[in-house]
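Report on the following structure.
The values are calculated or read from the model by the stated rules, or taken from the named source; none is laboratory data. This is a predicted model, so every value here is computed, not measured. FYI the Cβ positions are ideal-geometry reconstructions off the backbone, even for glycines, and counts take in every protein chain you see. All accessible areas refer to the heavy atoms of the entire protein, side chains included, with ligands and DNA or RNA removed. Shrake-Rupley method; radii C 1.70, N 1.55, O 1.52, S 1.80 Å.
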Amino acid sequence: MEERPLAKENTQQSNQCRTQSRESGPNGLGRVREVAKKDGKVRFTALLHHVTVDLLRDSYHSLKKKAAPGVDGVTWREYGESLEARLSDLHGRIHRGAYPAQPSRRVWILRKKVNWVLDLDVRSFFDKVEHSWLVKFVEHRIADQRIIRLIQKWLKAGVMEDGRWFETKEGTPQGSVISPSLANLYLHHVLDLWVEAWRKKIARGDVIAVRYADDAVLGFQHGEDAERFLEQLRERMGKFGLELHPEKTRLIEFGRYATERRAKRGEGKPETYNFLGFPHICGTSHKTGYFTVQRKTIGKRMAAKLKDLQAKLRQRMHEKIRGTLEWLQTVVRGYFRYHAIPGNEERLRAFLHEVRRGWLRMLRRRSQRSRWTWTRFQERLVVLLPAVDIQHPYPTERFDAKHPRQEPCA
């Protein structure tokens, strides 16, 4: 039997990228991911066959069970009551092209010199994404027109507000699970790739960039580079329908020598900036006396979290203690998994103390003859809550682990 030649549209691709294969599921998608990582220029011409009933089922089970229902009013649990029939119907409509869409990081971490920090804020980013540019960006890697049409349906699905439908000519479908991926792709082309080229061709000194979704921070060695970059970035953003927030976008002096330089000029302490829920502060290590970037949980966010937790404790006032204990253990562990970074111990202890106080207060309100004293509470319940434990290494330690230095040959 003679081997069938590749389709004409695939002749320029290597044989390892056989997305025309009818294999689907995790293994098939895994191979697509591998090829995408190896070759940044490959365009995939056949992807829709990977959308199987099994994949849809896995996607359903990965959704948040208690998330608010969409405009169709169907909750996660209600959809699951006839799950297989719904998935089979959805699968058929997707492959027939009859599916009607419902209305609805790249990180560079380098050991570089940073004396200036640009704290970026894109005004109303998710509402300003231009559909035409987004489709072009998708087509850089995706040549399967069925996938393109499916994405266009999501973009044109519109939004429902107070029972009325509104057309959306720009922006990503907020509340949709695909929205973060599309928005991330948009900024990858608008910002990430441009920053990388700008750093190599224009910058005189070191430049680093860290982005998560639409939250980005850039570090510069020279202030002149930072000012030139900001001016050109405003033009770049405008080309793609975006705008930097004039008040929230800030260029600040920051880094190892910022405190000393500002003191010589008779100015105050270096400004701080917030990134991913943590204020970043120019500080000094208590152990070594050297410069360090101190990070602490934003006070307002911690207060909001505690307020929400207290409200839920009131709802659980008369539930069994064991059930409330297991729930609190989960809440505290989850909070620590994100916030337990070096230097944040004080805020973590304050958070845990307020959790304990709030729980004891609820226990005492269960009865006018409550026997819950602070001592009894500590002996029986406090010891069962997770203790403060730093769960993340210092950024330099994480960098060394991911990028070990190559020792010279002997």
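Listed here are the residues, each with its yes/no results for (1) outside any helix (DSSP H, G or I); (2) in contact with a Leu (Cβ under 8 Å, 6 or more places away or on another chain); (3) at pLDDT below 95.
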{"residue": "P246", "(1), (2), (3)": "yes, no, yes"}
{"residue": "E260", "(1), (2), (3)": "no, no, yes"}
{"residue": "T288", "(1), (2), (3)": "yes, no, yes"}
{"residue": "L309", "(1), (2), (3)": "no, no, no"}
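Any idea which of G40, G70 is assigned to a loop (DSSP other than H, G, I, E, B), at pLDDT below 80 and within 30 Å of P395 (Cα to Cα)?
Details: G70 fails: within 30 Å of P395 (Cα to Cα).
Result of the check over G40, G70: G40.
Considering Y79, Y99, which residue is aromatic (F, W, Y), modelled with pLDDT under 90 and open to solvent by 50 Å² or more (accessible area, probe 1.4 Å)?
Values: Y99 fails: open to solvent by 50 Å² or more (accessible area, probe 1.4 Å).
Step by step, each of Y79, Y99 is checked, and only Y79 is aromatic (F, W, Y), modelled with pLDDT under 90 and open to solvent by 50 Å² or more (accessible area, probe 1.4 Å).
In this structure, is V53 β-branched (V, I, T), crowded, with 16+ Cβ neighbours inside 10 Å and modelled with pLDDT of 50 or more?
For V53, the condition - β-branched (V, I, T), crowded, with 16+ Cβ neighbours inside 10 Å and modelled with pLDDT of 50 or more - is not met.
Name the residue that is most open to solvent (accessible area, probe 1.4 Å), counting only residues in segment 273-300 that are charged (D, E, K, R) and under 19 Å from I390 (Cβ atoms).
K287
For G266, work out the one condition from (1) under 26 Å from R337 (Cα atoms); (2) out of contact with any strand residue (DSSP E or B) (no Cβ under 8 Å at 6 or more places or on another chain); (3) surrounded by fewer than 18 Cβ atoms within 10 Å (Cβ to Cβ) it doesn't fulfil.
(1)
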